[in-house]
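Scroll down for the structure; my scribbles are underneath it.
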Amino acid sequence: MEHASKVRTCLWFEKGGHDAAKEYVKLVPNSRIEAVRENGQPDDPMVVEFTLAGAPMMILTGGPYYKLTPAASISVLTEDQDETDRLWAVLTATGGEAGRCGWLEDRFGVSWQIVPKRMPDLLASEDLDVVSRVSEAMMQMEKIDIAALEAAAAKEPTDG
């Protein structure tokens, strides 16, 4: 048996791991399912190895012993608002739940961070006032709005 990657992130699912992997590889370009190991469970395979935008991943469907938490999440760096909106819409549809600051939980219980590339650029500004305004704006958002972050960055500070 050949293994595609020495290291991969593993997510523990109680059930439905294969369905989640199939949905994820359709959602993110440069993704594919690499291997499915049924281990006697053809209706809900035990192991699904896949690549998500080039990142090696695995879902282990191992029963109710462990639960998914936001302590581990899938972070996607999006190119623009259209990609951000598309991912957000798909992942929060059919039972997904919006969080704050670009975080959400999909219908399978996996936490995601949908981060437009522009956001970390703005947060890395040498101007601490810009960083503060962008951070404050981001804290008020669920899905990240790039135009609103740009507006916060461009806003002139008011004298207090």
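Taking the residues in the range 10-38 that are open to solvent by 50 Å² or more (accessible area, probe 1.4 Å), of a type outside the set (Asp, Glu) and touching a Pro at 6+ places or on another chain (Cβ under 7 Å) as candidates, determine which candidate is nearest to Asp82 (Cα to Cα).
Narrowing the range 10-38 to residues open to solvent by 50 Å² or more (accessible area, probe 1.4 Å): 10, 12, 14-15, 19, 22, 26, 29-30, 32-34, 36-38.
Checking the rest, the ones that are also of a type outside the set (Asp, Glu) come to 10, 12, 15, 22, 26, 29-30, 32-33, 36-37.
Okay, now just the ones that are also touching a Pro at 6+ places or on another chain (Cβ under 7 Å), so 36-37.
Numbers: Val36: 32, Arg37: 35 Å.
Here the residue is Val36.
Applying a threshold of 6 Å to beta carbon distances and a minimum spacing of six or more residues, or different chains, the list of pairs starting in the range 106-131 at a residue that is farther than 30 Å from His18 by Cβ and ending at one that is buried (at least 16 other Cβ atoms within 10 Å of the Cβ) and of a type in the set (Gly, Ala, Ser) reads Leu122/Ala153; Val130/Ala153.
Of the listed requirements (1) free of Cβ contacts under 8 Å to residues at least 24 places away in the same chain; (2) of a type in the set (Val, Ile, Thr); (3) in contact with a Leu (Cβ under 6 Å, 6 or more places away or on another chain), Val36 misses just one: (3).
Here the condition is being within 19 Å of Leu149 (Cβ to Cβ) and open to solvent by 20 Å² or more (accessible area, probe 1.4 Å); of Glu97, Glu49, Glu79, it holds for Glu79 alone.
Taking the range 102-121 only, how many residues are within 20 Å of Asp80 (Cβ to Cβ), within 12 Å of the chain's Cα centre (by Cα) and either at pLDDT below 95 or of a type in the set (A, V, I, L, M, F, W, C) (or both)?
Residues in the range 102-121 being within 20 Å of Asp80 (Cβ to Cβ), within 12 Å of the chain's Cα centre (by Cα) and either at pLDDT below 95 or of a type in the set (A, V, I, L, M, F, W, C) (or both): 5 in total.
The values are calculated or read from the model by the stated rules, or taken from the named source; none is laboratory data. Model, not experiment: these values are computed from the prediction. Counting neighbours? That spans all protein chains shown, and the Cβs are built from the backbone with ideal geometry, glycine included. Surface accessibility is based on the protein's heavy atoms, side chains included, excluding ligands, DNA and RNA. Shrake-Rupley method; radii C 1.70, N 1.55, O 1.52, S 1.80 Å.
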